[in-house]
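Comments concern the structure below.
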Amino acid sequence: MRSPPAPRPTFPAGPLARRRVLAQLAQLAGLTGLTGLAGAACGAVPATHAASTEPPAPRQRLAAAWRLPEGSGGELDRVGVLEIDWSAGRVSVQADHPAPGRAHGLHALPDGGFVAVAGRPGRWLLRCDAEGRLVQHHTLAGAQEPHTLGGHALLSADGRHLFTCETHPDTGEGWIGVRAPDTLRRIGGFSSQGLDPHQMVLDGEGQLWVANGGIPRLPDGRKTAMERMAPSLVRLAASDGRLLAEHRLADARVSLRHLAWAEDGSGRLGVALQAEHDDEARRRDAPLLAVLEAGRLVLPSQDTQGIGYAGDIAAGPGGGFVLSGQKAGRGLWWHPGAAERLTRVAELGDACALAAWDGGRGVLIAARLGLARWHVSDAPRLLRWPMPMSPDNHWLLLDPAA
């Protein structure tokens, strides 16, 4: 029996009074369908946030990691650069390097290059230049680097240090490694003030906000003793790791994983969540997003569309955030003007990696079969991968101002 065709893209028809706003808001393309922004949510967005005079770039470059299918021959895990030519409707591989294993996070460097970090429990970093050429492969070894990597790195505000999330394999303690950006070697470190540090961002004062996932782990990275989970969001002094602030959620079985700042100047920090409850029903009903604002970490929405698992988070329109509900196959948008709900904007198989540009008005989403684009001043687009490949959890938009 032949499989039914994929549903054709559809847009909901809004009332006449909302037509102008709806025309200015983009809808996200989905590989299995296309879902427009719901009328009620659109009505909550001020037109000043919806409008944009910045056209989407005709070409964009993404630092990415991906895996080739079994049987492809050679090393299946890759790190490189993808180029998207929107005019030609084509994704091409600009740079392609074998990796010792699955990469997780990627971080931009001042010279236009980037660092790729091994997934947990990682023991390597790769550095590429602005053209995507591999310039360094650093393997952690010896007493100077006893910890394993947690998947993300972050450059200090002055560019002198590269921070890496790490775990002591024997004790499970979380650490922030301090590295030289040019050699990737560890030159120091301090406690993450928690377990399982995953991602970091800098605030306007150059201090570190760290999402401690809070999951106790064995040396090989497997979860253990989940009753001892203790996730936290902490602010650390970038100079010496002093604890400046700490926030926790009431439910200790909700892990804090990924972070993004809102683009509206509000100082709002979005935290993508992943539920770790033993009971499946509780996991599926867990919230997807926490927001730090005015010194409080809150759960603005109990919407369960993301079934308790956010793969990534990026800035979205109007001071909001876009989250990839990876296990639900959905792109979900949260806006502070309709804080109690998430608006489904895409249905994408295995949607995960996100990259925002143009002040959060545009978002790229990696999915199982291709790349979807949402921009508020342009129609949705969808491009298939140039070959069979599975994108990893995160990617990085290079030259985002171009």
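Observations on the model:
- Strands (runs of 3 or more DSSP E) completely within the range 271-319 that count 2 or more residues being under 20 Å from residue 248 (Cβ atoms): 289-293, 296-298
Yes or no, residue by residue, for (1) hydrophobic (A, V, I, L, M, F, W, C); (2) over 18 Å from the mean Cα position of the chain (by Cα):
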| site | (1), (2) |
| --- | --- |
| 274 | no, no |
| 299 | yes, yes |
| 317 | no, no |
| 326 | no, no |
| 344 | no, no |
| 357 | yes, no |
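- Only listed residue being modelled with pLDDT under 95 and on the phi > 0 side of the Ramachandran plot, chosen from 206, 221: 221
- Pair list, Cβ < 7 Å and 6+ apart or interchain, from the range 213-239 residues that are touching a residue at least 12 places away in the same chain (Cβ under 8 Å) to residues that are among the acidic types (Asp, Glu) and part of a strand (DSSP E or B): 232/246; 234/246
- For the range 244-263, the count of residues that are at positive phi and at pLDDT 95 or above is zero.
- Summed over the range 138-162, residues that are within 24 Å of the chain's Cα centre (by Cα) and of a type in the set (A, V, I, L, M) total 6.
For (1) modelled with pLDDT of 90 or more; (2) part of a loop (DSSP other than H, G, I, E, B); (3) over 22 Å from residue 363 (Cβ atoms); (4) in contact with a Phe, Trp or Tyr (Cβ under 7 Å, 6 or more places away or on another chain), each residue gets a yes or a no:
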| residue | (1), (2), (3), (4) |
| --- | --- |
| 41 | no, no, no, no |
| 57 | no, yes, no, no |
| 60 | yes, no, no, no |
| 79 | yes, no, yes, no |
| 101 | yes, yes, yes, no |
| 126 | yes, no, yes, no |
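- Residue satisfying all of: in the range 223-243; buried (at least 16 other Cβ atoms within 10 Å of the Cβ) and closer than 15 Å to residue 210 by Cβ; farthest from the chain's Cα centre (by Cα) among these: 241
- Being in contact with a Pro (Cβ under 9 Å, 6 or more places away or on another chain) and either surrounded by fewer than 24 Cβ atoms within 10 Å (Cβ to Cβ) or touching a residue at least 12 places away in the same chain (Cβ under 8 Å) (or both) holds for only one residue in 319, 267, 331, and it is 319.
- Residue within the range 112-120 that is basic (Lys, Arg) and at pLDDT below 95 present: yes
- Of the residues making up the range 60-77, at least one is within 17 Å of residue 130 (Cβ to Cβ) and of a type outside the set (A, V, I, L, M).
- Being outside any strand (DSSP E or B), within 22 Å of residue 258 (Cβ to Cβ) and in contact with a strand residue (DSSP E or B) (Cβ under 6 Å, 6 or more places away or on another chain) holds for only one residue in 194, 214, and it is 214.
- Within the range 366-397, considering residues that are of a type in the set (D, E, K, R) and closer than 16 Å to residue 311 by Cβ, the one surrounded by the most Cβ atoms within 10 Å (Cβ to Cβ): 392
- Filtered by the rule that a residue be touching a residue at least 60 places away in the same chain (Cβ under 8 Å) and under 12 Å from residue 167 (Cβ atoms), the range 187-212 gives a lone residue, 198.
The values are calculated or read from the model by the stated rules, or taken from the named source; none is laboratory data. The model shown is predicted, which means the values in this text are computed figures rather than measured ones. Cβ atoms come from the backbone with ideal geometry, glycine included; neighbour counts cover every protein chain shown.
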